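All remarks here apply to the structure that follows.
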Amino acid sequence: MGRYDIAQVCMNGHVISAEVGTNPRSKQPHCDKCGAETITECLNCGTAIRGLYDTQTWGSGSRTYLPPSYCYQCGKPFPWIEKRIRAAVELSKDAGLSTEELSEFEKSLYDVTSDTPSTQVSASRIKKLLSKVSSETATGIREIIVDILSTTAKKMILD
C-alpha cells in the first residue's frame, strides 16, 4: 500500500516540489517563478498538501503532479484557486456586467473548479457571460481560469 508525499506550492499555484516529505532539501520559502510565499499545508485546517502518491514499488506511480484545488480534509479551496477566482471577478467588474451577473459569475467559477452535478450548468453560464464582454476581457478571463477548470468545464468553456 502506498502513501502521499507532501507537496510545497506557492500561494499562486506554482509547484515547488511534490515530494518535500522525502526530499526536504527541495523546500524553499518563496517561489522562484513569482516570489510568493510557499505552503505545505492547508491554511484553514493545517492538513499537509498531498503530493505525489508513492506506491513503494519502483517504477510505479505517476510522476506528473498538479496541485489540488481543494483540501481533502476540510474541503476549502487552496489560495491559488481563490486568487484566480478573485482576479477573474475583478477583471469582469470593468466589463459592464450587472451586480447580479457578477455574483452569478463568481458562484459559477467555484462550481467549475471540480466536476459536480452543477459543473455543466455553471460552465454554460460562464460561457454565456463571456459572450457579453469584450473579446479582450473574455480572453483575459479564460487565461486566468484555464488552470483551475475541471475537465468537463474546460471542454465546455474553452472549445
### Message
Please report the net charge: other residues with Cβ closer than 15 Å to the Cβ of Arg3, K and R +1, D and E -1.
### Response
-2
### Query
Net charge near Arg142, counting Lys/Arg +1 and Asp/Glu -1 over other residues with Cβ under 12 Å of its Cβ?
-1
### Task
Identify the trypsin sites (Lys or Arg not before Pro) of segment 1-99 meeting these criteria: DSSP loop state and at most 14 other C-beta atoms within 10 Å of the C-beta.
Lys27, Lys33, Arg63
### Task
List the lysines whose Cα lies under 21 Å from the Cα of Lys76, skipping any in the same chain that are fewer than 8 positions away.
Lys107
### Task
Could you work out the local net charge near Ala95, counting Lys and Arg as +1, Asp and Glu as -1, over the other residues with Cβ closer than 10 Å to its Cβ?
-1
#### Entry: Most to least packed among 115-122, 75-82 [average Cβ atoms within 10 Å]
75-82, 115-122
### Task
Starting from the Cα gyration tensor of the chain, take the square roots of the eigenvalues, sort them a ≥ b ≥ c, and report rounded, prolate or oblate (rounded when a/c is under 1.5, otherwise prolate if a/b is larger than b/c, else oblate).
prolate
#### Entry: Point-to-point label distance, Ser26-Lys154, nm (Cα→Cβ direction, 7 Å offset)
2.2 nm
### Query
From the backbone phi of segment 86-94, what are the Karplus-calculated ³J(HN,Hα) couplings (6.51 cos²θ - 1.76 cosθ + 1.60, θ = phi - 60°) in whole Hz, Gly and Pro given as x?
4, 5, 5, 5, 4, 5, 6, 5, 8
## Note on the structure
Tilt, helix 135-145 to longest principal axis of the chain (alpha-carbon atoms), in degrees rounded to tens, equals 30 degrees
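Here, each number is a calculation from the coordinates, and none is a lab measurement. Here the structure is a predicted model, which means the values were calculated and not measured. Methodologically, a virtual Cβ is constructed for each residue, glycine included, from the backbone with ideal geometry; neighbour enumeration extends over all protein chains shown.
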